[in-house]
Amino acid sequence: MQLQRTANVPGRSGSLRARGSDGRVVVAGRGSAVARAPTVSVRAVEVESDVDGEIDPMTGMVIARTSTLNPVAGYTLQAGGLDWAYRRNEVDAGAAAAAAGLADVLLLHGLGSSSYSYRNTLALLGGSGVSAVAPDWPGHGDSAKPAPGGKFDYSEAAYTAALDSFVAAVDLKKPLTLVVQGFVLSQYALLWAAEHPGVVGRLLILNTPLAASTKLRPELAAYKNPIPFLRPKPDAPFDGTLFNMSGSPYAMQVDDAYTRWRQPTLLLWGSNDPFMDARSAFDFLETKRTNMKTTTVAAKLGHCPQEDFAEALHDPIMSFLRGEEPKTSKVAMRMTKRGLEGM
């Protein structure tokens with residue numbers, strides 16, 4: 001085990017870091033746990049032989065290669081014949097004792113995004129003593145981007161098989177808590193979770209399409225244009241997603257799969273999402289068991305709530321991890337001729 005000391009950062013005391021053979025990092029030191037990203041989670045230059053981090057443009061300090069704040073995911077592994085890049089948080093040793101009984105967390109992004117969207121969520125969870133990992137899906141971020149036409153064909157089956165291999169290979173205690181957000185890939189993750197209730201002990205769904213009526217985001221809908229020459233060129237952003245979009249992505253049987261789901265589940269919604277109505281979360285729950293709850297936060301969060309304001313999500317996430325009942329939904333309601341509806 002390596003021991004290192006981080007330099008003092010304004011507003012934060014120096015701390016002692018230990019890195020085990022499994023790659024997990026534990027931070028012990030004075031000062032509060034993560035309070036607000038990014039300032040509290042920025043680390044000064046680490047005394048490591050592989051310091052090749054980025055320079056934080058706001059503080060001028062070096063962001064270590066394995067920091068969740070580094071633009072490049074700092075950890076890699078090979079699973080299922082694919083090279084995965086992922087982020088792993090630092091766990092505060094003092095807070096870890098209080099969180100000893102909580103499950104590890106796996107955070108998955110949606111189509112066209114990356115694990116970087118969870119950088120602040122990872123830091124906050126670590127500050128609360130919870131170990132968490134956020135990978136880049138194949139074809140995204142710093143993970144492998146196989147050429148179309150190869151063994152990895154960017155299909156639902158390819159992605160769920162790849163996720164199965166990654167979860168088996170990564171160092172996370174099982175059963176784990178799964179967090180999903182975004183289009184298509186998060187739905188693949190939900191289908192995978194429905195088949196692995198022994199691995200996924202808790203499920204947290206951030207803004208993810210659950211209703212068949214939800215439309216694709218404009219930049220994704222372009223790939224579904226029925227006129228071929230109006231689709232983006234092959235080398236345009238989101239290259240390869242045409243494979244993902246074959247057929248309506250909302251034809252996936254997410255709704256049917258979760259009529260039998262028994263694990264504790266929370267739909268935590270950013271109610272100012274321009275791409276999907278918060279009411280779709282309530283519609284989804286109409287036919288579900290009472291183990292599935294929904295709530296929103298008071299802050300005006302959009303489609304990527306973890307990117308908009310991770311701190312606003314942190315308390316309800318921690319409450320869910322502890323098994324506490326979610327607070328009453330903050331979605332504004334209004335009376336219509338059809339009854340009480342969310343705005």
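Bear in mind these aren't lab numbers, they're just calculated from the coordinates by the rules spelled out. The structure presented is a predicted model; accordingly, all values stated were derived computationally and were not measured. Cβ placement follows ideal geometry from the backbone for every residue including glycine, while neighbour counts extend to all protein chains displayed.
Calculate, for F275 and T76, the FRET efficiency according to 1/(1 + (r/R0)^6) with r their C-beta to C-beta distance and R0 30 Å; round to the nearest 0.05.
Efficiency, rounded to the nearest 0.05: 0.45.
Computed extension length for D283-D256: 8.4 nm, one decimal, from 0.36 nm per residue of separation with the Cα-Cα distance subtracted.
Using 0.36 nm per residue and subtracting the Cα-Cα separation, the extra length available between T290 and D83 on full extension is 70.6 nm. Sequentially through the range 173-186, phi angles give Karplus couplings (6.51, -1.76, 1.60; θ = phi - 60°) of 5, 10, x, 10, 9, 9, 10, 10, 7, x, 8, 6, 5, 5 Hz, Gly and Pro residues having no value and appearing as x.
For the range 265-323, would you read off the P(r) tail past 13 Å as a percentage of all alpha carbon pairs?
The share of Cα pairs beyond 13 Å in the range 265-323 comes to 60 percent.
For the listed peptides 116-123, 80-87, a ranking on the average number of other beta carbons within 10 Å per residue, highest first, reads 116-123, 80-87. Taking label positions 7 Å along the Cα-Cβ direction at both D164 and E195, the computed distance is 0.5 nm, reported to one decimal. Cα convex hull, the range 133-178: 85 Å³ per residue, rounded to a whole number.
Which of K173/K300; K173/K293; K151/K293; K145/K174; K173/K288; K145/K293 have a Cα-Cα distance over 31 Å?
K173/K300; K151/K293; K145/K293
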